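*Asks:* Sharing a structure here in structure tokens format.
The values are calculated or read from the model by the stated rules, or taken from the named source; none is laboratory data. Predicted model only: the values in this text are computed from it and were never measured. Note that we place each Cβ from the backbone using ideal geometry, even for glycine, and neighbour counts take in every protein chain shown.
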Amino acid sequence: MLVIRFALREHKMILIVASNKDIASLNIKKQILDNYNFNETAEDFQGNPIYTTEVGSKDVKLVTLRDESIYAQNMTELFPDSELIVFISRHSSASGTPTLSTHTSGNLGEAKLGGIPRKVSVSPANAMRDLLKAMMRLTEEMQLDYEISYECTHHGPSLNTPTMFAELGSSLKQWKDLKAAEAVARATMEAVSKFGDFPAEVVLGIGGPHYNSKFTRIALENDFAFGHIIPKYAVSSIDLQILKQCIARTLERVELTILDWKGIRGEHKLKLVEMLKETGVPFKKAKH
């Protein structure tokens, strides 16, 4: 049985966060409200209505930010009873590849896009895997031509509550795709409904590209759930403190580090292995 490092509070509330600055986010929000039994409350947040529903024994709130999600650094203080925060969001990439993705927020180094430098959010590994698996199943069921992927840990906010992004991308065409927005909405609600179940062994991923297809495949095909993912481009700048933080700031106990060994530059491998030994967490290379 997995040891849960961040104990769930007695009063369970899950927060879904949309943004008025994000067309994909608003489309996902609309699909959630259209397909699930949310009630508009008398309360508002930043001038926008707060919606609530109940999933199992958990209260779920849906709120909408005035500004971009990456700058929502005060969410934990504003909603201290949150067990999980899910930002529904657009995803951008230069390639424009249609993609549904998930990742934990926070910064492995500088805070170029919100958050706090060298501080990562708490990663809900099993919840992200539940989201990923639901996205994969729904794209097949709905016949959507979208890739499904983990992204590495990047951009703000850096929160002390388990936090994940559920994203629709990678360009304006996809952000406006209501069918894909519905898939993200349904996957989000499925992950929310399962939160608190921790069936998969939790791992830290290191190496490879920003969108790690290898780690995605491992999670989809095996009982492994990735928490934080450190990409190839960040390996040269991380230190032991960041490695230990990624392990400590994961909701579940991290049992293993999986290395995308070919996706790590040769000159960084020796130093990385020495640091991994210092963490006390076993590590192994991903099978190709």
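*Asks:* Among the residues of the range 23-42, count how many are charged (D, E, K, R) and closer than 11 Å to PHE87 by Cα.
*Replies:* To start, the set of residues in the range 23-42 that are charged (D, E, K, R) comprises 29-30, 34, 40.
Subset that is closer than 11 Å to PHE87 by Cα: 29.
Qualifying residue count for the region: 1.
*Asks:* How about the range 36-60: which of its residues are assigned to a loop (DSSP other than H, G, I, E, B) and under 26 Å from GLY196 (Cα atoms)? I'd like the intermediate steps shown before the answer.
*Replies:* Step one: of the range 36-60, the residues assigned to a loop (DSSP other than H, G, I, E, B) are 36-38, 46-47, 56-57.
Across the range 36-60, the qualifying residues are TYR36, ASN37, PHE38, GLY56, SER57.
*Asks:* Okay, moving on. Quick one: PRO124 ticks every box in (1) in contact with a Pro (Cβ under 6 Å, 6 or more places away or on another chain); (2) within 24 Å of ASN20 (Cβ to Cβ) except a single one, so which number is it?
*Replies:* If we test PRO124 against (1) in contact with a Pro (Cβ under 6 Å, 6 or more places away or on another chain); (2) within 24 Å of ASN20 (Cβ to Cβ), just (2) comes out false.
*Asks:* Could you please give the count of residues in the range 142-164 that are of a type in the set (Phe, Trp, Tyr) and over 25 Å from LYS176 (Cβ atoms)?
*Replies:* Taking the range 142-164 first, the residues of a type in the set (Phe, Trp, Tyr) are 146, 150.
Of the ones still in play, those that are also over 25 Å from LYS176 (Cβ atoms) are none.
The qualifying residues number 0.
*Asks:* In the list LEU113, LEU33, which residue meets the criterion of being over 23 Å from ALA180 (Cα atoms), in contact (Cβ under 8 Å) with a residue 12 or more places away in the chain and not in a strand (DSSP E or B)? Working first, answer last.
*Replies:* Working: LEU33 fails: over 23 Å from ALA180 (Cα atoms).
After applying the criteria, what remains is LEU113.
*Asks:* Filter the range 70-110 down to the residues that are of a type in the set (D, E, K, R) and either free of Cβ contacts under 8 Å to residues at least 40 places away in the same chain or part of a helix (DSSP H, G or I) (or both) and list them by number. Step through it out loud before you land on a result.
*Replies:* Residues of the range 70-110 of a type in the set (D, E, K, R): 77, 81, 83, 90, 110.
The answer is GLU77, GLU110.
*Asks:* Against the condition modelled with pLDDT of 95 or more, surrounded by fewer than 22 Cβ atoms within 10 Å (Cβ to Cβ), within 27 Å of ALA180 (Cα to Cα) and of a type in the set (Ser, Thr, Tyr), how does THR139 come out, does it pass?
*Replies:* Values: modelled with pLDDT of 95 or more: yes; surrounded by fewer than 22 Cβ atoms within 10 Å (Cβ to Cβ): yes; within 27 Å of ALA180 (Cα to Cα): yes; of a type in the set (Ser, Thr, Tyr): yes.
The answer is yes for THR139.
*Asks:* Now a separate question. What are the residues in the range 91-112 that are in contact with a helix residue (DSSP H, G or I) (Cβ under 7 Å, 6 or more places away or on another chain), buried (at least 24 other Cβ atoms within 10 Å of the Cβ) and closer than 17 Å to ALA24 by Cβ, if any?
*Replies:* Result: LEU100, THR102.
*Asks:* Please work out if ALA166 is within 22 Å of LEU33 (Cβ to Cβ) and part of a helix (DSSP H, G or I). Lay out the reasoning, then the answer.
*Replies:* On the way: within 22 Å of LEU33 (Cβ to Cβ): yes; part of a helix (DSSP H, G or I): no.
Criteria not met by ALA166.
*Asks:* Restrict the check to the range 144-154 and report whether at least one residue is within 22 Å of LYS58 (Cβ to Cβ) and either crowded, with 23+ Cβ neighbours inside 10 Å or in contact (Cβ under 8 Å) with a residue 24 or more places away in the chain (or both).
*Replies:* Of the residues in the range 144-154, the ones within 22 Å of LYS58 (Cβ to Cβ) are none.
There is no residue in the range 144-154 that is within 22 Å of LYS58 (Cβ to Cβ) and either crowded, with 23+ Cβ neighbours inside 10 Å or in contact (Cβ under 8 Å) with a residue 24 or more places away in the chain (or both).
*Asks:* Applying the selection to the range 53-69, what residues are touching a residue at least 60 places away in the same chain (Cβ under 8 Å) and surrounded by fewer than 15 Cβ atoms within 10 Å (Cβ to Cβ)? Before the answer, list the steps.
*Replies:* Within the range 53-69, the subset touching a residue at least 60 places away in the same chain (Cβ under 8 Å) is 55-56, 58, 60, 69.
Across the range 53-69, the qualifying residue is only GLY56.
*Asks:* OK, next. Which condition from (1) more than 18 Å from LEU131 (Cβ to Cβ); (2) surrounded by fewer than 13 Cβ atoms within 10 Å (Cβ to Cβ) is the one that GLY115 breaks?
*Replies:* (2)
*Asks:* Also, I was wondering about something else. Scanning the range 116-138 for residues that are free of Cβ contacts under 8 Å to residues at least 60 places away in the same chain and in a loop (DSSP other than H, G, I, E, B), which turns out nearest to MET75 (Cα to Cα)? Quick ask: steps written out before the conclusion?
*Replies:* Pass one, the range 116-138, residues free of Cβ contacts under 8 Å to residues at least 60 places away in the same chain: 116-117, 134-135, 137-138.
From what's left, in a loop (DSSP other than H, G, I, E, B): 116-117.
Numbers: ILE116: 14, PRO117: 17 Å.
Among those residues, the one meeting the criterion is ILE116.
*Asks:* Going through the range 250-268 one residue at a time, which ones are touching a helix residue (DSSP H, G or I) at 6+ places or on another chain (Cβ under 8 Å) and basic (Lys, Arg)?
*Replies:* Passing the criteria: only ARG265.
*Asks:* Would you check if ALA18 is closer than 16 Å to ARG186 by Cβ, surrounded by 18 or more Cβ atoms within 10 Å (Cβ to Cβ), modelled with pLDDT of 95 or more and among the small types (Gly, Ala, Ser)? Explain how you work it out, then say what you get.
*Replies:* Details: closer than 16 Å to ARG186 by Cβ: yes; surrounded by 18 or more Cβ atoms within 10 Å (Cβ to Cβ): yes; modelled with pLDDT of 95 or more: yes; among the small types (Gly, Ala, Ser): yes.
Answer is yes for this residue.
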